[in-house]
Amino acid sequence: MKQLITGVFAIFLLLGCKEQKQEEEMPAINDEQVQEIAYMNYGAEFSNNDVIDAMELGAMYKTMKVGDTTAVKVKGTIAEVCVNMGCWIKMPVGDASVTVKFKDYGFFLPKNGQGKEVILNGNAFKNITPVKELRHYAEDAGKSKEEIEAITEEEVTLSFVADGALVEKFDNPDVEVAAKTEE
């Protein structure tokens, strides 16, 4: 009888270890699963379908000429934010950076959103930015007086006007409310 109880116990012990080993071998997330990110919505609502990566947008900019415009949804990371109001951001696109403004200044993004994922809906284009505007951006970015005065020539810039944005959700976003204008 003792041997029978010991044998049954040994079988349960082996089966228990075998099931535990199988659970350890299964990955928590496989390659086909994607982490779902919660977003905060700013501006016009839009779906996050048919979104291209910022690197793909960078390749598109390389083929554009000044004045060319294309409607696109793009996902990237906020590299820099206007420290005054959040009225513009910069986002890396390949080996360059795009300056993003918000349509009719109808909304702003969190001033503390640097490093957060963002999906933008709007128009990408190349344009020539005058010295006065470049200096204004440098001032908004908190650059020194010397850095601002060193800007003496207009530049061809990568630009984007967004009518809507989805920003990765985070605690305590510092967002200015856009002033509503009467028409």
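Please list, ordered by chain and number, the residues whose modelled amide H lies under 5 Å from the amide H of Glu176; skip anything fewer than 5 residues away on the same chain.
HN-HN under 5 Å from Glu176: Lys111.
Report the FRET efficiency, 1/(1 + (r/R0)^6), for Ala38 and Asp95, where r is their Cβ-Cβ distance and R0 is 30 Å, rounded to 0.05.
Efficiency computed from Cβ-Cβ geometry: 0.45.
How much net charge surrounds Glu56 when only other residues with a Cβ under 15 Å from its Cβ are counted (Lys, Arg +1; Asp, Glu -1)?
Net of charged neighbours comes to 0.
For Ile52, enumerate residues with amide H under 5 Å from its amide H, sequence gap 5+ or separate chain, H modeled in the peptide plane.
For Ile52, whose amide H was placed from the backbone, the distant partners under 5 Å are Lys73, Val74, Lys75.
Out of Thr99, Val167, Phe46, whose Cα points farthest toward the positive end of the dipole of region 39-168 (charges: +1 Lys, Arg; -1 Asp, Glu; placed on Cβ)?
Final value for the positive-end residue is Phe46.
Can you give the extra length, in nm with one decimal, that the chain gains between Ala150 and Glu56 once fully stretched, where that is 0.36 nm per residue apart less the Cα-Cα distance?
30.6 nm
List the residues, sorted by chain then number, that are 5 or more residues from Lys116 or on another chain and whose placed amide H is less than 5 Å from its amide H.
Those lying under 5 Å, H to H, from Lys116 are Ile78.
By average Cβ neighbour count within 10 Å, what is the ranking of 45-52, 89-96 from highest down?
89-96, 45-52
Using a basic spin-label model with each label point 7 Å from the Cα along Cα→Cβ, how many nm lie between Val161 and His136?
Result for the modelled spin labels: 1.4 nm.
Under the rule a/c < 1.5 gives rounded, and otherwise a/b versus b/c splits prolate from oblate, where does region 39-168 land using the Cα gyration tensor?
Verdict is oblate for region 39-168.
For region 39-168, give me the percentage of DSSP beta bridges that are antiparallel, rounded to the nearest 5 percent.
Of all bridge pairs located within region 39-168, approximately 85 percent are antiparallel.
How do 115-124, 141-150 rank on mean C-beta neighbours within 10 Å, highest first?
Packing proxy ranking, top to bottom: 115-124, 141-150.
The numbers here are math on the coordinates, done by the rules we state, and not lab data. Owing to the predicted nature of the structure, the values given are computational and were not obtained by experimental measurement. Note that we place each Cβ from the backbone using ideal geometry, even for glycine, and neighbour counts take in every protein chain shown.
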